Every structure is written in C-alpha cells, then in structure tokens.
Amino acid sequence: MMLYSGTNPSDPPVPPQPISCFKSHIYAEDCHVIRNSGGTRSLGIGLRLFTPSDDVFEPRCVTFEREILFGEEVQSVVSKLGTPSRIFYKSDDKMKIHSKEAHKKVMNINSDYFFNYFTMGIDILFDSRTHQVIKFILHTNFPGNYDFNSYHRCTFSLRIGRPTPTPQTLPSPNQSELRNTQISTIGLSSTNSTGKNGKSPKVKKSKQNHTTLTMDAPPPPTNIEIPPRAVEKNWISVSYDTHWGEVNDFASGFNGSEDRIERPVVLTRSSSNNPFGSSLCYGVQDMIFEVMSNDHIASVTLYQVEE
C-alpha cells in the first residue's frame, strides 16, 4: 500500500504543514535579498512569513511580509519578526584581525550578538555598540552540513550583477606631438587636392619613418570587433538550490580576466561534533558563500560594507 499527496505517485507535491504543528511560531515562506539597482550591493532582506491566527475555534494561516534593512535597531527587528528563538553572544571575532587598522581599534567590553530565528532559517547580527543590524546569515539546511536540521530551510533568492568597469582615460600627448600634429595639419590645408601635373598627391614618408597620409588616402576602418565577454549577461540569479559552480563561473570575470575567484577560507569545526568534515567559504562582493563538498551552498552571509 502506498500513501501519497496529490494525484501523481511518481511526483507527489509536499503537503502543507498542518496548523496544529505551528505551535504559535512564525515560518518563512520566501526570502529575497534586497540589492541595489546594479545588483552589486546588499541592502537587506525581504521576508514573506506565515503563522497561525489567534482564532482558537477556526484557526487559519495568516501571511504577511516584512523587510529588514542594514542599520535597523533591535526594537524595529523585534516588532517586525517577534521574539527570536535564541540570543547568542559572540565570545570573539577572529576575522577582525584582517580588518584595516585592527591594532588601533579599541576592544569593546560587550560582544556582538545574534538573533537566531530557527523557524525562518536566518540569523541576524547586531553591533554591541550601536545595536544595529550589521549582518544576515541565510541557511539552506542541506544534508551534510554541521547545522543540518537546526534551522528550517530559508528559500532565499538574490541577484548578483557584474560591476561596471571604470572608464580608462587616454594619456595626454606631449608638446612635441602637438607641434608635429599642427605642422602636418597646416601643410595639408595649404596644398591643393591635385599636384602640378594634375595627379593626386601620394603617401610620403619622413626621415623618422613616419607615414603622412594625404587627402586621397582611404579612411581608417570603423568596424570594431566586440570581445566575447562584452556580449555575456551582466547578472545571475542565485537561489537556495543553486550549485556553487554556476556562481563561480559568473563571478570569475568581474575584473575582465579569466582568473578564478580567490582561494577560499576553510571552515573547520570540532571533529568530535562534526562528522561531515570542513566546508569552504568564498567571498563574492559583500557576500560569503559557504560551500559543501557536494557543491551545494550551505549558507550565505550578507554583511554591510564600510564606506
């Protein structure tokens, strides 16, 4: 005997979660990362949430949307998302040693703290001094990761844009080049279109082996060959089930070169508590992708870029 949802046993849909299992928690149906118009900078996240209603006799699912941006204070986040499942205080921050002028920064007495929303699959980091949002962590809850089954899956989606290249200015000519150009221009304007014998002037070479084009010389070609990378798309859409190889292939050409992304940071946890092994962390713009050995994305960290 086989029990399945829907009408097709080979492709049954996932049944909706019964309202009795909500236990007054808030769950995330969808999460989209809010980026700027060019897709090169993260501004916050937008959540579509659902939770049971307060009606005891006829309970139903209530859906609503919320936006959390960088720089929002704790009171604003709690009023939008509710009380977190857990509050975690960071004991140390080993990555601060890689920041600029880390030796000049005064150590804070209080540590930064996370709001863990397990049923939404997200973590929000607050600064201990300003109590404002400085980081988001989105968990995919794929098997084979250290945090598997600790969070509900965050079905996020984001858009990564290719940075606009900085226009390069041509070097200014020196005084000798300007003088030679003026002399050549005056010589061409003073001569007639035909010579003494009624023939068109010819191309002459100077002693410095520089060729001077006369009035009947053909114009230079105007057809410009477009490089292959210029016709590629300038953005890529990334979701929770996107393989890292697709993101890596797109992000490798940010600087107009064929070089791959910089070497990743190996994230290793205690071997006694982590039977899945280490994972790799890659930096792309203002995001950090934690990638497992099977090329799946374990989590995405969004951080605020210092201006």
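Ranked from highest to lowest mean number of other Cβ atoms within 10 Å per residue, what is the order of the peptides 1-11, 39-49, 274-284? Write out the running numbers ahead of the final one.
Working: 1-11: 7.8, 39-49: 19.0, 274-284: 15.6.
Peptide ranking by packing, descending: 39-49, 274-284, 1-11.
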#### Entry: Neighbourhood charge, 12 Å Cβ-Cβ cut-off, centred on Thr242 and excluding it, Lys, Arg +1 and Asp, Glu -1
-3
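Calculate the FRET efficiency for Val14 and Ile134 from the Cβ-Cβ distance with a Förster distance of 22 Å, rounded to the nearest 0.05.
Numbers: r = 35 Å, r/R0 = 1.58.
Between Val14 and Ile134 the formula returns 0.05.
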### Task
Could you pull the Rg and Dmax for the stretch 14-72, using just the Cα atoms, both in Å?
15.1, 49
### Query
What's the local net charge at Asn36, with K and R +1, D and E -1, over the other residues with C-beta under 11 Å away?
+2
### Message
Can you order the peptides 138-149, 289-300, 55-66 by their average number of other Cβ atoms within 10 Å per residue, highest first?
### Response
289-300, 138-149, 55-66
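A short reminder: the numbers here are calculations on the coordinates, not readings from a lab. What you see is a predicted model; the values in this text were computed from it and never measured. Note that we place each Cβ from the backbone using ideal geometry, even for glycine, and neighbour counts take in every protein chain shown.
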